[in-house]
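In what follows, a single structure is set out as structure tokens and then discussed.
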Amino acid sequence: MATFQTLPGFREFYPDALARRNHVFRLWRQTATTFGFNEYDAPVLEPLELYKTKSGDEIEAQLFSFTDKGGREVALRPEMTPTVCRLVGEKANALKRPIKWFSIAEFYRYERMQKGRGRCFFQFNADIFGEPGIEAESELIALLVQCLCAFGLSEQDFYVRLSDRNLWFYYLEALGLDDARTRAMLSAVDKFEKSGDEAFNSYSEQFGPLDAALKEKVLAFLRVKSLPALEAILSSVPGEKLAARLTDWRRLLGNLEAMGLARFVEVDLAVVRGLAYYTGFVFEAFDRKGELRALAGGGRYDNLVGKLGYGELPAVGFAIGDMTFALLLEQRGLMPTFVQAPDIYAVIGGAQERLAAFGDIHALRAAGFKVDYPMKEVAFGKQFKAASESGAKLALIYGGDELAKGVVKIRDLTNRSEQEIPRDQVLATVKDFYSQH
RNA sequence: GCGGUCAUAGCUCAGUUGGUUAGAGCACAAGAUUGUGAAUCUUGGGGUCGCGGGUUCGAGUCCCGUUGGCCGCCCCA
């Protein structure tokens, strides 16, 4: 007998798992809507070139890509950013600013599986286009925080690390590094948290031994964890760009504090995010215990829309992945268990009674009640047990005795009380019951 | 792509130095019980022991390979 396995890294959602997934999506969608973001969707399959243009040729190794029957090189989308840039870029002149959009979509990456990472996963993506100032960052970081708080998570559970690639560029420039050295140094900064001093090996190989004074200045900057610390370290470094950038920082943190979100946000220049396309503030959300992969990540990417061939358009965005997020909710006991319970379970005597019951069952369903009944003729005892286990609050009993009298027995399964009601009163009685329960 | 580790029923797991027809609990289903939800009892379905090869009189058990899961590395848009 042939057996078919699920493709490695792919997920199947049985009803209980789908209920949890829907719960997460529902709250994300609701939260984004309260922030005034509009939902969009787009194709799962895109031209391979879209991702090569954005991320370089090496990206293909990480993609589910193939040649379609028309000879087109295509790939399953590994992320939403290039797609949303295209959508916005195509109609940029016609869209009201600021453009605040979000999506909840599935993505595919040809990677090795690990905890919190599969070959397919869902992301909540939110982006703001057309706003060059820190107002966009304020809005998105606030949305990110609320997307997690909506589930009952607090500043005890997660935090957002805020950093700034511009600050690093200006700082390293002030220290005398050219563009190539700056990029190599940022790569080292990105790795430093995990690898320690080894992170600088690649830099040393390219540009010779690392000057001890320079390294110390980089490490000092990397260790900045607060605005006062940042102000202190920059007070001895001249430069108009740094001063202006510091003003942006003060305004951004001021906005977040005014929203009551300061307790979620930590200045942390050790975060630079490897992606070359980020151009300013970058941020990542982590669980406080540090046990899980990043919950979310994002930042400003002012050049990407232009790079894809459209007019220049400033942009900021972030994404939350569903897998790590679900792990966190489960760890904290914040993932509810869902039961698909009917409102009413019909208990049916025999073939005649069944036909009589069908009329009421359909009328109740048409009125919006969830109604279930046994498909086969089974003993009353079994039916009451099934009614109880179904989670329904009410049972409607269609027995020979009742129908002979022109009534239906209605049983409150929560307190086991019963009453007989005329058959034409069933819908009204059920409505009355559920208006009070 | 690399390394470690694991794989027996839908789930959690037993399975002796290699030895008869591979077991238990839970879950599912039927019955005891054709008018009231618990509990109990009885019974049943469900396994090519992940797959393939090797050693052996004999392999769930030992060996090799392979696939898949988990953990770590690389990567993480």
Qualifying residues in region A:414-430 (those that are free of Cβ contacts under 8 Å to residues at least 60 places away in the same chain and hydrophobic (A, V, I, L, M, F, W, C)) - the one farthest from RNA strand B (Cβ to nearest atom): A:Ala428
Elements of type strands (runs of 3 or more DSSP E) contained in region A:41-158, each with 3 or more residues being under 20 Å from A:Gly297 (Cβ atoms): A:99-108, A:120-129
Which listed residue is in contact with an Asp or Glu (Cβ under 8 Å, 6 or more places away or on another chain) and within 15 Å of RNA strand B (Cβ to nearest atom), from A:Gly56, A:Gly9: A:Gly9
Members of region A:207-241 that are outside any loop (DSSP other than H, G, I, E, B), of a type in the set (D, E, K, R) and under 12 Å from A:Leu175 (Cβ atoms): A:Lys215, A:Glu216, A:Lys217
Filtered residue count, region A:153-196, keeping only those that are surrounded by 12 or more Cβ atoms within 10 Å (Cβ to Cβ), over 30 Å from A:Arg263 (Cβ atoms) and not hydroxyl-bearing (Ser, Thr, Tyr): 10
Test for A:Leu87: is it more than 26 Å from A:Leu7 (Cα to Cα) and at pLDDT 95 or above: yes
Qualifying residues in region A:95-120 (those that are surrounded by fewer than 22 Cβ atoms within 10 Å (Cβ to Cβ) and of a type in the set (A, V, I, L, M, F, W, C)) - the one farthest from A:Pro43 (Cα to Cα): A:Met113
Residue within region A:152-161 that is within 16 Å of RNA strand B (Cβ to nearest atom) and within 30 Å of A:Ala213 (Cβ to Cβ) present: yes
Test: residue in region A:260-277 that is modelled with pLDDT of 90 or more and farther than 25 Å from A:Glu193 by Cα: yes
Any chance A:Thr81 is more than 10 Å from RNA strand B (Cβ to nearest atom) and hydroxyl-bearing (Ser, Thr, Tyr): no
Within region A:277-292, tally of residues that are buried (at least 16 other Cβ atoms within 10 Å of the Cβ), within 19 Å of the chain's Cα centre (by Cα) and within 13 Å of RNA strand B (Cβ to nearest atom): 6
Qualifying positions in region A:349-368 - within 15 Å of A:Val426 (Cα to Cα) and among the hydrophobic types (A, V, I, L, M, F, W, C): A:Ala356, A:Ala357, A:Phe358, A:Ile361, A:Ala363, A:Leu364, A:Ala366, A:Ala367
Qualifying residue in region A:99-106 (condition: over 20 Å from A:Val24 (Cβ atoms) and away from RNA strand B (no atom under 16 Å from the Cβ)): yes
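The values are calculated or read from the model by the stated rules, or taken from the named source; none is laboratory data. Nothing here was measured: the structure is a model prediction, and the numbers come from that model. Cβ coordinates were reconstructed from backbone atoms using ideal geometry, including for glycine residues, and neighbour counts include every protein chain displayed.
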